[in-house]
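This report concerns only the one structure given below.
The values are calculated or read from the model by the stated rules, or taken from the named source; none is laboratory data. Just so it is clear, the structure is predicted and the values come from calculations on it, not from any experiment. Cβ placement follows ideal geometry from the backbone for every residue including glycine, while neighbour counts extend to all protein chains displayed.
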Amino acid sequence: MPFQVSPGVNVSEIDLSTVVPAVSTSIGGFAGHFRWGPVNQVTLIGNQDQLATVFGSPTGASSANTVESFFTCANFLDYSNALQVVRGNSGNNAHSGTTGFAIENKNHFDTLDSLGDLDELFYAKYPGIRGNTLVVATCVADETSYDAWDYEGSFAATPGTSTYANTRGGSNDEIHVVVADTVAGDFSGVANSILEVFPFLSQGADAKDDAGNDNYWKNVINQKSQYIYVGDDALLETTSGNTVADKVFGIVSGVSSNTLIGGTDGADQNSDITGGLDLLGDSDVVDVSLIMTGGYNATIIQYAIDNVSLARLDCVTFFSPTKSSIVKAAPGASDAVTDKEAVGRDTSYAFMDSGWKYQYDKYGDVYRWIPLNADMAGLCARTEQQRDAWWSPAGFNRGQIKNVVKLAFNPSKTDRDALYKASINPVATFTGSGTMLFGDKTLQTRPSAFDRINVRRLFIVMEKAISTAAKYSLFEFNDEFTRAAFRNMVEPFLRDIQGRRGIQDFRVVCDETNNTPSVIDRNEFIGDIFVKPARSINFIQLNFVAVSTGVDFSEVVGAV
């Protein structure tokens with residue numbers, strides 16, 4: 001206990017109850033092109049409806065280059081409910097004036113606003129030509145204009161003077177705002193539909209509503225609108241943004257209607273996606289374990305493996321052959337092998353499947369070819385949720401693929417042999433049994449326990465959980481007390497995994513044999529954890545032996 005300089009009682013608590021925490025390794029990650037949504041920001045998506053709302057469904061203008069990205073995410077979410085999504089985009093936001101540029105996300109907007117770099121009244125919330133289908137209508141305290149306003153029926157009364165302004169000598173501060181679709185009806189599906197209504201806001205920068213909440217119209221819309229930002233609000237009325245005390249707010253504009261223009265999608269560039277992958281590469285910020293690459297090229301796949309999986313060492317990158325090599329008249333195993341060679345990686349942190357599937361697109365009422373790597377990642381997530389991460393996701397019990405009309409390449413037994421030899425995992429349709437993953441090899445070519453996805457994910461679980469718990473040993477003394485505490489923390493965790501069939505046996509060494517005086521003098525701490533991982537069955541040999549009637553089975557069992 002600490003020294004005391006005079007008599008007294010000192011009470012302290014020492015917490016020795018630290019345990020290895022449970023960790024999830026079923027969170028997916030994807031960087032892609034979408035029609036809408038925040039750019040260069042990691043967004044957690046839980047289901048397909050949320051995906052369509054936040055990032056836009058793959059319909060309407062400019063949808064062609066976003067279909068594979070959208071359905072990669074949607075297919076993963078058919079198996080799991082946690083996906084970290086990053087939108088890459090080099091386009092501009094639609095706006096109400098003449099100056100267009102990109103506003104990537106809310107943080108970017110706030111930075112531009114604080115620097116005074118917003119020269120237009122309204123901006124679409126996100127980049128893309130989809131923003132060109134938005135209309136923003138306003139009405140300030142002008143009863144004559146209000147009576148002729150197209151959106152009068154959406155409000156209970158004419159805007160006038162708020163109670164907050166009235167008690168402080170101000171007047172005419174109220175404003176109504178409507179966000180609507182144009183004739184294209186891209187957001188609602190119905191032309192000229194009203195998307196959002198904001199009644200009785202105030203032009204006063206300090207305004208509060210009756211409940212004491214911020215009622216300044218710029219702040220309210222920028223916080224709550226799903227479609228627009230307010231930029232330089234003085235462009236609406238020069239008095240907007242002043243404090244309300246003794247202020248008569250302008251009503252010169254009466255009503256206004258602004259159809260946003262100038263939104264662009266930009267070119268599909270590799271840099272859009274690599275920038276998004278960089279955001280997924282920081283393990284201290286983003287929790288992700290299953291990286292999908294959609295239909296992107298070898299450059300993106302290589303980048304994901306090298307800069308996410310091999311940088312973090314707690315996630316696996318999943319990829320498929322290229323569309324051009326598989327979705328054609330007569331694809332074969334050699335096409336997939338060629339695509340693997342183009343990626344050129346030898347690692348247990350990557351997993352390749354054999355193709356693409358044909359599936360129904362409910363948004364466009366069409367059928368589309370979509371790569372299978374999201375399904376592979378989804379099978380791993382579903383296997384972890386139903387069993388554990390160290391169970392193989394392949395086979396008839398856990399490898400069933402969802403939403404398959406047909407495969408672009410349905411490998412035969414000969415094809416499957418060639419693919420598996422090249423560490424490519426076949427996805428095949430079996431009559432009466434459905435379509436399933438029929439392999440669990442990683443991209444590691446050297447034979448070892450880590451050439452199987454279940455073993456790789458077993459070690460990810462153990463390393464992630466134990467390293468998280470081990471942080472609490474930092475800056476403690478490297479003595480027998482700390483070492484015993486470490487062993488007592490790790491061994492129950494490993495016994496639990498052993499009881500759940502993840503490992504056959506283990507041993508934890510953390511004592512004076514590996515924490516020698518020289519190790520202690522270097523301010524280091526060493527814990528050696530030996531495990532015997534459980535192996536999945538990949539090959540079954542059944543021997544049927546015919547024997548003579550008079551033969552005793554004990555004579556032949558074991559002799560064959």
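Computed values, structure above
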item: Some residue of region 242-252 being touching a Lys or Arg at 6+ places or on another chain (Cβ under 6 Å) and farther than 28 Å from Y126 by Cβ; result: yes
item: Verdict on G550 being among the small types (G, A, S), outside the structural domain of R312 (by TED's automatic domain parsing) and at positive phi; result: no
item: A408 being among the small types (G, A, S), within 23 Å of I300 (Cα to Cα), assigned by TED's automatic domain parsing to the domain that holds S309 and buried (at least 24 other Cβ atoms within 10 Å of the Cβ); result: no
item: Helices (runs of 4 or more DSSP H) enclosed by region 210-308 - at least 2 residues per element that are in contact (Cβ under 8 Å) with a residue 24 or more places away in the chain, buried (at least 19 other Cβ atoms within 10 Å of the Cβ) and in contact with a Leu (Cβ under 7 Å, 6 or more places away or on another chain); result: 298-304
item: Residue selected from region 347-368 under the condition in contact (Cβ under 8 Å) with a residue 60 or more places away in the chain and assigned to a loop (DSSP other than H, G, I, E, B), by the criterion surrounded by the fewest Cβ atoms within 10 Å (Cβ to Cβ); result: G364
item: Answer from I301, I305 - the residue that is assigned by TED's automatic domain parsing to the domain that holds K340, out of contact with any helix residue (DSSP H, G or I) (no Cβ under 7 Å at 6 or more places or on another chain), within 30 Å of Y358 (Cα to Cα) and of a type in the set (A, V, I, L, M, F, W, C); result: I305
item: E196, sole failed condition from (1) within 40 Å of the chain's Cα centre (by Cα); (2) without any contact (Cβ under 8 Å) to a residue 12 or more places away in the chain; result: (2)
item: Residue ID - farthest from D375 (Cα to Cα), chosen from residues in region 310-327 that are surrounded by fewer than 23 Cβ atoms within 10 Å (Cβ to Cβ) and of a type outside the set (A, V, I, L, M); result: R312
item: Test result for K402, farther than 19 Å from R452 by Cβ and more than 22 Å from the chain's Cα centre (by Cα); result: no
item: Test: Y420 is surrounded by fewer than 18 Cβ atoms within 10 Å (Cβ to Cβ) and either over 26 Å from S536 (Cα atoms) or out of contact with any helix residue (DSSP H, G or I) (no Cβ under 7 Å at 6 or more places or on another chain) (or both); result: no
item: Close pairs from region 162-175: first assigned by TED's automatic domain parsing to the domain that holds A141 and over 20 Å from F198 (Cα atoms), partner basic (K, R) and outside any helix (DSSP H, G or I), Cβ under 9 Å, at least 6 apart; result: R168/K247; G169/K247; G170/K247
item: Filter result for D479 (outside the structural domain of L313 (by TED's automatic domain parsing) and over 23 Å from W390 (Cβ atoms)); result: yes
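For (1) modelled with pLDDT under 95; (2) under 22 Å from T274 (Cβ atoms); (3) surrounded by 17 or more Cβ atoms within 10 Å (Cβ to Cβ), each residue gets a yes or a no:
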position: Q50; (1), (2), (3): no, no, no
position: S63; (1), (2), (3): yes, no, yes
position: V67; (1), (2), (3): yes, yes, yes
position: C73; (1), (2), (3): no, yes, yes
position: F76; (1), (2), (3): no, yes, yes
position: N89; (1), (2), (3): yes, yes, yes
position: T98; (1), (2), (3): yes, no, no
